[in-house]
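One structure, pasted below without further comment.
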């Protein structure tokens, strides 16, 4: 799951996959703004076939947050 999430983030943000870890912050490390994060969450929804409510998405600040969240939804 972790590798798949990191690859998806790398593809979506055009950031080198080697620069993304579970502790990578979407805002502080990847410099994503709120629109970028919404688009990323939409890609996650499509990839994993789930819906991420806005109130849940607001709590997903780091890669590891997304991995843990997705694991609870599988």
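Applying the selection to the range 30-60, what residues are over 17 Å from residue 14 (Cα atoms) and within 8 Å of the chain's Cα centre (by Cα)?
Once the filter is applied, which keeps residues that are over 17 Å from residue 14 (Cα atoms) and within 8 Å of the chain's Cα centre (by Cα), the range 30-60 yields only 60.
Name the residues in the range 19-28 that are closer than 18 Å to residue 7 by Cβ and either modelled with pLDDT under 95 or assigned to a loop (DSSP other than H, G, I, E, B) (or both), would you?
20, 21, 22, 23, 24, 26
Related question: For the range 29-73, give me each residue that is part of a helix (DSSP H, G or I), more than 18 Å from residue 3 (Cβ to Cβ) and touching a residue at least 24 places away in the same chain (Cβ under 8 Å).
Within the range 29-73, 39 is the sole residue that qualifies.
The values are calculated or read from the model by the stated rules, or taken from the named source; none is laboratory data. Remember, predicted model here, so these are calculated numbers, not experimental data. Counting neighbours? That spans all protein chains shown, and the Cβs are built from the backbone with ideal geometry, glycine included.
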